[in-house]
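A short reminder: the numbers here are calculations on the coordinates, not readings from a lab. Keep in mind that this is a model prediction, so the values were computed, not measured. Counting neighbours? That spans all protein chains shown, and the Cβs are built from the backbone with ideal geometry, glycine included.
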Ligand SMILES: [Zn+2]
Ligand SMILES: [Zn+2]
């Protein structure tokens, strides 16, 4: 009887809150791959990063002759290595925007699964001791109610069995929206954006987590703060890597 009631309850729940594909919004049928939380059409459209990759930022490069992408060849990268999961695509754009701005924090499980599937082994091999989500400014947190990088980092931490530290880095001065700035301005803007009130930490290595990696300025700025605390080996991971977003 109780089992029956539970099944009825679950079915009512499905009717009221059906699982929808985070990319196209289509209601997911029961026979679809629930583990992916995504419809089959959209799963074909994901663009996992495939070798050869840049040995620094981890994005795909054209030839196997080059170790670094054209960006990493000219820009300072203080982190050891990056593990982006997917190439940025229009299909992922809406999903990540809903995740960040429209309270779809439930997508975190789906997005963390993607990172684990695509780069999990390499991350564990690198062996970071702690996950550090890119922080947002308190005022943004107040408006949005959550930090998407933190929600993602926590899901990732559960899967990789790594602790998550949300207090290592704080957002200092409020920065202008990155979208409106040139690359040079972005870097300058971000240099002052992250601070830490902690001087001594127990970690020697860390994994920065963010949803999207564009110019790398955010990760670079966070790496600087982690280095200043004595965390020597800094890695990063993200769901999507892409230019000109
Ligand atoms: Zn879909
Ligand atoms: Zn690169």
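Miscellaneous remarks
- At an R0 of 25 angstrom, the distance between the Cβ atoms of residue 142 and residue 106 translates into a FRET efficiency of 0.75.
- Value of [θ]222 nm, deg cm²/dmol, for the chain, DSSP H segments ≥ 4, -39500 (n - 2.57) each, nearest 500: -12000 deg cm²/dmol
- Summarising the strand pairing of the chain, around 20 percent of its internal DSSP beta bridges are antiparallel.
- Cα-only Debye scattering, the stretch 90-165: base-10 log of I(q)/I(0) at q = 0.21 Å⁻¹: -0.95
- Full extension of the chain segment joining residue 191 with residue 166 gains 7.1 nm, where the gain is 0.36 nm per residue of separation less the Cα-Cα distance.
- Axis angle, to the nearest 10 degrees, between helix 90-101 and the longest C-alpha principal axis of the chain: 90 degrees.
- Residue-span extension gain [residue 55 to residue 67] - 0.36 nm each, minus C-alpha spacing: 3.8 nm
- The alpha carbon convex hull volume per residue for the stretch 46-241 rounds to 115 Å³.
- A straight chain from residue 43 to residue 205 at 0.36 nm per residue would run longer than the Cα-Cα distance by 55.0 nm.
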